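All of the numbers you see were taken from the coordinates with simple rules; none came from a lab. Computed from a predicted structure; not experimentally measured. Positions of Cβ are backbone-derived with ideal geometry, glycine not excepted, and every protein chain shown enters the neighbour counts.
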Amino acid sequence: MSPTAVTAPMRKYRGRFAPSPSGPLHFGSLVAAVGSYLDAKANQGDWLVRIEDIDTTRVVKNADSDILNTLHAYALHWDEPVVYQTQRLPLYQDITHSLLKQKLVYGCTCTRKQIKAIGGIYQGHCQALNHNTQSGALRLVQQHPTTQFNDLIQGDITVNSALSHEDYLIKRSDGLFAYQLVVVVDDIDQGINRIVRGADLIEPTARQISLFKQLDSPVPEFAHLPLAVAKPGFKLSKQNYAPAISKQNPKPALISAFEFLGLPVITDLIDLNIEQLIAWGIKNFSLKQVPQVSEIQISQHPRSQKVQFTHLSK
Ligand code: GLU
Ligand code: ZN
């Protein structure tokens with residue numbers, strides 16, 4: 001190396017998979033787990049698992065341990081102890097408190113119905129009304145509206161400008177911290193610098209970027225994987241009862257996830273064991289090969305039962 005060369009210290013890649021424990025993993029969530037894992041490991045990074053149980057109204061008993069057992073069965077091994085949002089309430093409380101002290105947060109008593117009646121975008125109605133902030137909903141004054149960002153898979157993204165200017169909720173009227181707040185606070189606290197997840201989260205990303213800025217934290221890179229859908233616009237989800245993936249026989253679903261992610265799958269992969277399959281995935285994965293579409297429709301060939309993929313929309 002020449003003596004004049006400046007080598008900037010490289011921060012180690014830290015990625016994560018952040019499932020909500022509202023049911024078992026299905027093929028769509030497996031794609032997010034495998035995509036985030038392979039990208040982290042292909043870049044010599046750490047891969048963390050965070051159980052996003054902040055919305056306790058959606059938590060299903062034992063879904064967390066079922067998800068973790070499934071990740072083990074697919075040889076997706078995390079590098080640090082699993083974090084649960086419900087065990088981190090003091091952290092969210094502290095951040096909220098410091099935003100309150102800066103007068104960047106206000107209480108809001110508007111109902112969803114009232115906001116819908118004015119077109120669905122909140123217009124700051126309660127900002128000057130000095131509502132109680134001890135209980136009830138809290139909104140953050142939007143000081144860093146973000147309408148554009150670059151996504152490593154989907155390219156340049158522009159989101160609805162009115163939405164990105166909105167003072168969004170950081171605490172819900174039922175007293176629960178909002179996903180928008182805690183996901184960013186957690187990513188900052190855990191030092192996450194690349195987020196690989198499903199394309200259903202493209203829209204909220206702009207708000208999340210504005211919160212990273214509000215909290216004076218470096219904005220991570222984002223890569224949104226195509227979303228697995230049953231038909232256009234309908235994601236496979238726990239809500240529409242997408243079947244749980246098998247823990248006993250993980251190879252077929254794992255190989256299908258590889259194919260979905262654009263890996264050059266060859267027929268004799270089925271002879272490898274699950275750890276060897278993952279090692280093959282790490283060696284062959286590249287974000288550049290991931291289809292640059294927002295949705296991929298999953299169907300089964302009627303005779304062979306082989307899973308087929310149809311790329312939809314850009
Ligand atoms: N917990 C969210 C979900 O399961 C994912 C959040 C994220 O990856 O940022 O949809
Ligand atoms: Zn209000």
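Just a few scattered comments:
- Considering only region 156-314, percent of DSSP beta bridges that pair antiparallel, nearest 5: 55 percent
- Between the beta carbons of Asp156 and Ile115, assuming R0 = 51 Å, the FRET efficiency works out to 0.95 to the nearest 0.05.
- Within straight-line cross-link reach of Lys288, lysines at Cα separation under 30 Å, skipping those fewer than 8 residues along the same chain: Lys12, Lys41, Lys213, Lys231, Lys235, Lys238, Lys247, Lys251, Lys306, Lys314
- All other residues whose Cβ lies under 13 angstrom from that of Gln180 are scored, Lys and Arg at +1 and Asp and Glu at -1, for a net of -3.
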